[in-house]
Amino acid sequence: MTIIERRIEELGITLPESPQPIANYVPTVQTGNLLFVAGLGPAARADGTTPNGKVGKDLTQEEGYEAARLVGINLLARLKSSLGDLDRVERIVKLLSMVNCTPDFNQQPAVANGCSDLLVEVFGDKGRHARSAVGMSSLPNDIPVEIEMVVEITEG
């Protein structure tokens, strides 16, 4: 078990199987030492449910935060599937957090913190990243949050 996998276990997180793309794209693209991770929605909770709906209508800000954390878990699963070894992560470079929300909801950064906080918990300073957090009128399959990520990696 790698250092990062041990940390994930210490946090009580079980990584799911990496989700398959739902359209015509690839899950990750590597160019040089950068890995671009396609946008993902939330992983299922321990009880098998998955958050759905608009933040500000169907979900509270706190529930949106939880959904973003669940997206972070899916992103970790995608990284594990792509890299094999999460210790290859040199740095989380950037996130684009898209929040499915009502027009009057303006706390997208607070929702996106669910994923950002998780990445710092898992990777420490290597998890600190640049980020954009924006509101969307809808997202695929009514997911509350979709996040894409750019990661600096070391050779395998």
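Values in this text are rule-based calculations from the coordinates and carry no lab data. Small disclaimer: the values here were computed from a predicted structure and weren't measured. Here the Cβ positions follow ideal geometry from the backbone for every residue, glycine too, while neighbour counts run over all protein chains shown.
Of all residues in region 1-58, which are within 17 Å of residue 140 (Cβ to Cβ), of a type in the set (A, V, I, L, M, F, W, C) and either crowded, with 17+ Cβ neighbours inside 10 Å or within 14 Å of the chain's Cα centre (by Cα) (or both)?
37, 38, 40, 43, 44, 55
Taking only region 8-49 into account, find how many residues are outside any strand (DSSP E or B) and either among the charged types (D, E, K, R) or in contact (Cβ under 8 Å) with a residue 40 or more places away in the chain (or both).
The total comes to 17.
I want to confirm something. Restricting to region 63-92 and keeping residues that are out of contact with any Leu (no Cβ under 8 Å at 6 or more places or on another chain) and within 15 Å of residue 123 (Cα to Cα), which single residue is surrounded by the fewest Cβ atoms within 10 Å (Cβ to Cβ)?
Selected residue: 87.
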